[in-house]
Amino acid sequence: MNSLFLKIFLSFWLAMVLVSATMIVSVVTTQSQFRAMRAEEFDRTVMPLMAARAADILDDHGMGALADFLSSLQTTLHWQAFLFDDEGKEILSQPTEPDVDAMAISALQSAGTIIQTSHGTRFAATRTTGSMGTHYVLVIGTKVESVTDVLRAPIQVQFVRAAAVLFIAGFVCFWLARYITAPIRDLRAATHRLATGNLSARVGDATTGRADELAELSRDFDHMAEQIESLISSQKRLFADISHELRSPLARLTVALGLTRLHANPESVKGLDRIETEAGRLNTLIGNLLRLARLEGGSEFLQGEQVLLDQVVAEVTADADYEAQSRNRHVRLVKSEPCTILGNKELLRSAVENVIRNGVNYTAEGTEVQISLQRTNAGGDTALISVRDHGRGVPDEALPDIFLPFYRVGDARDRSSGGSGLGLSITDRAVRLHRGSVRAENCNGGGLLIEIRLPCAGKLRNEPEKVLSA
């Protein structure tokens, strides 16, 4: 039971049912006690009169009249009536319980009414004197109405009562739980949209009319989201503006470099080559900055074309292997399954290329970067691209950060590699635009493994699986 709504609803519902049951039992118990007090008061008032009446009937009209009188009490009032003589013997020879006989003996020696409850029956005994001067004791037994008797009702009535309590309590608790958790659901939805990159996500009018702590929390979230959107937008604009402003002096520097070469002496060629190399790196950095700014700003749209991902991976692998051979390294496609992706081909190529080139930069000399592409059913039909190098890897605590712009991990990613720290950032954003994910982990035995997961489009083409070897 992980739902907060369900926890609140069931807790309130159970509490209301228990409170209702407690109130019912309390009322019934109090009512039973009140009835017992009234019955005792009634007995003390009526018993002397009834005893005197029974004694007069016996003395004036005999045993038969007494039997009729006591029988009428049984029939009309549901009383068990017994009349005892001054020796404690039941006059009509009716069977009596030992407790009743004991009460009769006690009543002969007492001037008041004796009341005693035994086995669910309340007995009242009173001494009286007949018209002949003889002492008698009248004992009357009445059934005591217990709590269970008060609650006892036909099964249909009990069912209706229980259903009414459960329905009313359930309706009230449902409304209350929904009222409490509604802002939490809205806040969760807005948080999810914000986490997926929608910086305009707000709770908004969902808490209009509320002035409680949850409404204040929602307003605080909206304020926080506005601040985040403002900061991120400023950062994106800064990236774009700097990149555009750097392009102009870089273009002039390239022109000046070309003109200088026309009049340069042989001793200056090495320095000019170095300048040209650094200018090329700067141009690449600016291009990456512009692409990252477009990706983050949402201006790089998906075209929705069918992209043969296996062909893209094969082409990038071949190009990367050709360049890696000059550095005594290799790139090998060990497995390739036909996969079709719906998206932007150039973005996908850039995402795969950045990861593979990152592996080439950091794999050890004499080793190879291994690439595989396969389809999996994890979370649906998914394409899984795995790129594994044989370098020194990355510290575990730094793995979540290597996809951040300009992030470097000590000497493992120093500037001698020629990297700018933007390639994996571009990969991460491009993959997320295609509703995919990218992750990195260290391999046993050394090296870094980067996995790209992308949702496939359509069914497998009728092509055999390709397993390549060096």
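Of note:
- Nonlocal amide H pairs with residue 81, under 5 Å, H built at 1.01 Å: 141
- Residues 96, 126, sorted by accessible area with the largest first, give 96, 126 [1.4 Å probe; ligands and nucleic acids excluded].
- Across the range 14-103, C-alpha contacts under 8 Å between residues 6 or more apart give a mean separation that, scaled by the residue count, equals a relative contact order of 12 percent.
- Between residue 116 and residue 39, the modelled label-to-label distance comes to 1.7 nm, taking each label 7 Å out from Cα in the direction of the beta carbon.
- The modelled label-to-label distance for the pair residue 242/residue 367, using points 7 Å beyond Cα in the direction of Cβ, is 3.2 nm.
- At R0 = 41 Å, FRET efficiency that the Cβ-Cβ distance of residue 401 and residue 215 yields, to 0.05: 0.70
- For residue 159, the accessible area of its heavy atoms, probed at 1.4 Å with every protein chain present, is near 150 square angstrom.
- Accessible surface comparison of 443, 173, probe 1.4 Å, protein chains only, largest first: the order is 443, 173.
- Calculated FRET efficiency for the pair residue 451/residue 171, C-beta based, R₀ 51 Å, to 0.05: 0.55
- Amide H contacts under 5 Å for residue 307: 341, 342, 343, restricted to partners 5 or more places along the chain or on a different chain, H placed in the peptide plane at 1.01 Å from N.
- For the range 309-398, the share of accessible area belonging to carbon and sulfur comes to 43 percent (1.4 Å probe, ligands and nucleic acids excluded).
- Annotation: amide H of residue 333 within the under-5 Å range of 371, sequence separation 5 or more or interchain, hydrogens built in the peptide plane.
- Accessible-area rank, largest first, for 50, 103, 37: 37, 50, 103, with all protein chains present and a 1.4 angstrom probe.
The values are calculated or read from the model by the stated rules, or taken from the named source; none is laboratory data. This is a predicted model, so every value here is computed, not measured. So basically every Cβ, Gly included, is an ideal-geometry build from the backbone, and we count neighbours across all protein chains shown. When the accessible area is computed, the model is the full protein with side chains, heavy atoms only, and any ligands, DNA or RNA have been set aside. Shrake-Rupley method; radii C 1.70, N 1.55, O 1.52, S 1.80 Å.
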